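Below is one structure; the comments refer to it alone.
The values are calculated or read from the model by the stated rules, or taken from the named source; none is laboratory data. Bear in mind the structure is a predicted one, so any value in this text is a computation, not a measurement. Counting neighbours? That spans all protein chains shown, and the Cβs are built from the backbone with ideal geometry, glycine included. To get the accessible areas, we keep the full protein, side chains included, count just its heavy atoms, and leave off ligands, DNA and RNA. Shrake-Rupley method; radii C 1.70, N 1.55, O 1.52, S 1.80 Å.
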Amino acid sequence: MASVQLDQVTKVYRGERGQVKAVDDVSLEIRDKEFVVLVGPSGCGKSTTLRMIAGLEEVTEGNLRIGERTVNDVAPKDRDIAMVFQNYALYPHMNVFKNMAFGLKMRRVPKREIDTKVREVGRMLGIEHLLNRKPKELSGGERQRVAVGRAIVRNPQAFLFDEPLSNLDARLRVSMRAELKKLHRQLQTTTVYVTHDQEEAMTLGDRIAVMHRGVVRQYAPPLEVYGRPVDRFVAGFVGTPPMNFLPGKLVVEGESRFLDVGIGRIRLPERLGPIPNGEYVLGIRPEGLSFGNGDTGDGFLPMHCRVIEPLGADQDVYLEAGADIQMVARVPADVEVGEDAELRVCVDTARLHLFEPGETGVNVGLASSGALSGAN
């Protein structure tokens, strides 16, 4: 087992039309035995970062270390890592046993040792009864287990997963997430996992690195990323439904500060610290909204209920105020809300965030307290 360290790593693709910086000055320390998830929208650089760790892409600038060794110029086969791809990359003409044994055979491991390892891992993954079948005879979940098993038998220093669950149906993805988490707890192997699904990132990672346009915006444990996003991009990307945003202007009245969002004013809590006059963006997650009959003292927003989505124990209520202001509230299913109803929407100021304007405007409360962390 080993740590993985990226020190100011940059990847530039050059072509006839110029150059594209796919990964920009990324620094990450992935500790020994840690499960780290790289997450972000398509084109953010997460898969390119993983491929550089694997040696499938060259590092343009910076250093990449696995354990104590710098591996910038080390061939993929000599890095002692195992990668599981999105399409599983199983050999169709080989049965499960031969697929899992292939890497060991190439390293000239004795046949008896290969047989022992493959069968042991097969039992661990619950696929021992499938060892004589071809990939075309397996379900998607079974093929995924074979791909993971092929990586495990090598006993590498690190596992690299490139969106391995994206081809599975929703129910199977949930069960396989649990299996992967259990497997990591059992093997204790350093793991780097790439996904665009922020729910996967939240449930699997010890820490998650949220990437955007080749840059790591925040690198922290899942609950910290969710509850203390460093900027507006992270706040909007992590969470389903995403965080609600309302632009407004700071208003000061005596000892109180409010954000005027046009349809009402929300009192800002003292924990945000000093805030210069100007325009800001209020952020509040759907579960931070509720409905009341009067002013809570912190302000309320008159809004119209557009759509209700029942979710079982909860319901998502889609709200609007004119054409420009839309929000989503997640409330318990027993809260009576009628479609087309006029509602007084209360904001839980304990969960309120305030951001500077712009797509990546910083979280004002964290900035003023000196608590901004997790970016490169």
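Brief remarks on what is shown
- Linear extension gain, residue 93 paired with residue 249, 0.36 nm per residue minus alpha-carbon span: 49.7 nm
- Of every Cα-Cα pair in region 123-185, the percent that sits beyond 18 Å: 35
- Of the residues 256, 274, 198, the one whose Cα sits farthest toward the positive end of the charge dipole of the chain, with +1 on the Cβ of Lys and Arg and -1 on the Cβ of Asp and Glu, is 198.
- q = 0.17, 0.24 Å⁻¹, region 29-100: log10 I(q)/I(0) [Debye, one scatterer per Cα]: -0.81, -1.24
- Carbon and sulfur %, accessible surface of the chain computed with the full protein complex present, 1.4 Å: 46
- On Cα atoms only, tilt of 170-187 relative to the major axis of the chain in degrees: 60
- Note on the chain: the C-alpha convex hull projects to 23.0 nm² when averaged across all orientations.
- Summarised as an ellipsoid, region 274-353 has semi-axes of 23, 14, 12 Å, derived from the eigenvalues of the Cα gyration tensor scaled by 5 and square-rooted, with the largest first.
- Taking the C-alpha atoms of region 219-346, convex hull volume expressed per residue in Å³: 125
- Size descriptor, Kirkwood hydrodynamic radius, that averages inverse alpha-carbon separations across region 231-273, Å: 12.0
- A straight chain from residue 56 to residue 21 at 0.36 nm per residue would run longer than the Cα-Cα distance by 10.9 nm.
- Region 48-113 and region 168-205 have Cα centres spaced 20 Å apart.
- Two-site FRET efficiency, residue 360 against residue 78, from Cβ-Cβ distance with R₀ of 51 Å, rounded to 0.05: 0.85
- Toward the positive end of the charge dipole of the chain, with +1 on the Cβ of Lys and Arg and -1 on the Cβ of Asp and Glu, the farthest Cα among 236, 225, 124 is that of 124.
- Out of every Cα-Cα pair that region 55-188 contains, those further apart than 26 angstrom amount to 25 percent.
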